[in-house]
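Each reported figure results from applying straightforward, stated rules to the coordinates on display, with no laboratory input. Quantities reported herein were computed from a predicted structural model and do not represent experimental measurements. Counting neighbours? That spans all protein chains shown, and the Cβs are built from the backbone with ideal geometry, glycine included.
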Ligand code: SF4
C-alpha cells in the first residue's frame, strides 16, 4: 500500500464482536484489529493465517478468460455459459447460510449436481449417519461432562488449534486424554499404538469394550478398553477427512464402541468436520430440499447419490460439462480442469487457477471478515453469528449466486 492509498474502511459499529470463521470450532473470544486484521502473536495460528491472507487489498477483480472484466459483464458471461451446458456441477460448496440458500436456488434453476468442499470426507460421516445413526455431543457437553477423551486416527491441532482449550476451558481438572492411532503433539496426552493400522486397533478395541475374551489381546488396547468402561463420560473424537478412503467403516466402528459403552456408562462421539462452510451448505441443502449434498437439484426432483456425485469423479469421468466452484474462504483451491469453469472464490484463489482460457473468475468477500452471516459449528446444532471486521468492496457469495439464479430463472 502506498501513502496515497487509503486504508480499507473499518466497520466500527461491527467491531465489538468477532467469530472466527477459519475452522469449524468458530471461536468467539478473539478480537482482531479491524484496520490491520492483526491478532497478537500468541493467538491461534490458524486464525492469524486466515486473517493475514485477507489483510491486503484484493489482488484481483473479476476476469473472463484471463481478461479483466467488471462484475456485471462477468456475471452475464457466467449466465451465458451456464445456459449453454447440459449438466453443470456446483462444487466446493461452502459459505454462510445466505450463500448456501442462494446456491440451492441457482442449482434448482439449472439442474446442477452439488457437492461440498471436502465432499469425500463429508460423505463418510453422512453415510454412517444415514445407515446406522450416531451418538454425538456438543462442544459444551464435552467441556462439562467428559472425563476421558480419545482422539482417534489423527491429532487435530493443525486444523483446529484450540480444540483442547475449548474442551477444557473453565475446568479445574480437564479430562484424561489419549491419542489412538495418532501422534499427539501436546503434553499430557497418552499415545496408544500410534502407527498400527487403525482398522485393526478399532476392531480389537470394540471387542474388548464389549467384554469379549480374545486369545492375544493387545495389552495397550486392553488398558484403553478398561479405561473406557470405567469412565463416567468418554468422548471419542475423529476427523473424517483424516481417516482415508474407508473412513466410513472406521466411523462405524467408533460408533459401535460408543453404543456398547452406553449400555453400562455414558459415551459419545465428536466429529471434527465441516470446515470452510461445508457443514453449513450441507445443513441448508438438507432443510431446503430434504436431502444433503451430493445431490442433483432437478426441476422436479432431487436425486441423492453420495458415491456417484463426488465432484472430482464427475470431472474426471466427463459426467459434467461445466464446473461452478463456489467458496468464499481463503486457501481453498478450486478443482483444476479444462472444462468451462466459473470460479466464485476468495481473491487468493486467482493465483491457483492456471490456464484461464475457459474460466470466469469472480472474487467474493469472506463471511466473518468482510460481511456478517451465520455458520454452523462442527457439532452441527449451534449456528454462530458472524460479524464484519471491514469491507473489501467485493460482493458476498450470496449476492453473486443470487444474481446468477435470477438470470437463469429469467432465462428458463
Ligand atoms: S481454533 Fe479455529 S475457530 Fe478457533 S480461533 Fe483457531 S481457527 Fe479460529
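A few notes on this one:
- Computed from Cα atoms, the angle from the helix 219-230 axis to the main principal axis of the chain rounds to 90 degrees.
- Potential extension, residue 144-residue 71 segment - 0.36 nm per residue separation minus Cα distance: 21.4 nm
- Each peptide in 77-86, 240-249 receives the mean, over its residues, of other Cβ atoms within 10 Å, and ordering these scores from highest gives 240-249, 77-86.
- Principal semi-axes of the equivalent ellipsoid, √(5λ) from the alpha carbon gyration tensor of the chain, are 40, 26, 17 Å from largest down.
- Separation of segment 88-118 and segment 165-180, taken as the distance between their Cα centroids, equals 37 angstrom.
- The peptide list 95-103, 134-142, 274-282, put in order of mean Cβ contacts within 10 Å with the highest first, becomes 274-282, 95-103, 134-142.
- Debye-sum result for segment 258-298 in log10 I(q)/I(0), which assumes one identical scatterer on each alpha carbon, at q = 0.17, 0.20 Å⁻¹: -0.63, -0.69
- For the chain, adding -39500 (n - 2.57) for each run of n ≥ 4 DSSP H residues and dividing by the number of residues yields -10000 deg cm²/dmol at 222 nm.
- Summary value for segment 136-261: 29 percent relative contact order, contacts being C-alpha pairs under 8 angstrom separated by 6+ residues.
- Distance from the Cα centroid of segment 124-164 to that of segment 337-412 is 28 Å (rounded to whole angstrom).
- Euclidean distance between Cα centres, segment 194-254 to segment 256-298, Å: 21 Å
- Rounded to whole Å, the principal axis extents of the Cα atoms in segment 207-262 read 31, 27, 17, largest first.
- Length-normalised contact order for the chain - Cα pairs under 8 Å, 6+ apart - percent: 27 percent
- For segment 9-162: rounded, prolate or oblate by the Cα gyration tensor [a/c cutoff 1.5]: oblate
- Restricting the calculation to Cα atoms, every distinct pair contributes to the Kirkwood radius of segment 136-261, found to be 14.8 Å.
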